[in-house]
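Accompanying notes for the structure given below.
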Ligand SMILES: [Fe+2]
Ligand SMILES: [Fe+2]
């Protein structure tokens, strides 16, 4: 799938990313495991911050459960390949995006939902690249399945934002945050990661 067709993202991945990823598949799988666990954590921490928002709690419960299933799926692949589940230095992506979240409410809620949506959208794009280019048919199938879930997740975060804020406000802020997201990824990180 062409990156340009993915809603939300302002720039497709650098053309060298997929080659680096395919040359370091075990690292990408290990980082992917960390990403799935962190995605579940993001959903749970948002629920904890807004425990009375019923729509948000319902949607994020489903996302957290799915992310943990993905986590288990990726961990099974790691185990099959004999790759130990160990720590990996994260790229600056998550930290830099979090820094763009405004501190006061209700801006904090909007920004948190949109940053989560952007991370899901980028995961969708990157897993799509892996699905299209990975020579291992079984792994390509795994990526194909997971990328579809990430697409649903960015849609869910977008819907949660539009349930609380006007479409105009959501769209305007999304464009600002998407520009920041694209700028972060324009700077290559020394190590290959899902979000490098
Ligand atoms: Fe996931
Ligand atoms: Fe996701």
Top of 43, 64, 52 by mean-square fluctuation, Gaussian network on the chain, Cα under 10 Å: 52
Could you work out how far apart the two model spin labels at residue 65 and residue 144 are, taking each label as a point 7 Å from the Cα in the direction of the beta carbon, and quote it in nm? 2.6
Of 90, 12, 106, the most mobile residue in a GNM of the chain (C-alpha springs, cutoff 10 Å) is 106
Using the alpha carbons of the chain, what is the convex hull volume per residue in cubic angstrom, as a whole number? 108
Taking every C-alpha to C-alpha distance in region 112-196 and binning by 10 Å from 0, the per-bin percentages run 18, 40, 31, 11, 1
Rg/Rh (Cα only; Kirkwood hydrodynamic radius) as it applies to region 54-151: 1.02
Relative to a virtual label point 7 Å from the Cα of residue 20 in the Cα→beta-carbon direction, which members of region 119-140 show backbone nitrogen distances below 16 Å? 123, 126-127, 129-130
Residue 107 and residue 175 label points (each 7 Å along its Cα→Cβ direction) are spaced in nm at 1.9
Region 1-63, Kirkwood Rh and Cα Rg, ratio Rg/Rh at 1.12
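When 95, 103 are ordered from fewest to most other Cβ atoms inside 10 Å of their Cβ, what list results? Present the calculation step by step, with values, prior to reporting the outcome.
Details: 95 10, 103 7.
Ranked by crowding around the Cβ, least crowded first: 103, 95.
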Compute a Gaussian network model of the chain, connecting alpha carbons closer than 10 Å, and tell me which residue from 126, 152, 108 fluctuates the most. 108
Hey, rough spin-label estimate for residue 186 and residue 80, points 7 angstrom out along Cα→Cβ, what's it come to in nanometres? 3.9
Where in region 110-151 is the amide nitrogen less than 19 Å from a point lying 7 Å along the Cα-to-Cβ axis of residue 11? 115, 118-127, 129
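Coordinate-derived values only; no laboratory data. Fair warning: this is a prediction, and the values are worked out from it, not measured in the lab. Heads up, the Cβs are rebuilt from the backbone with ideal geometry, glycines too, and the neighbour counts pull from every protein chain shown.
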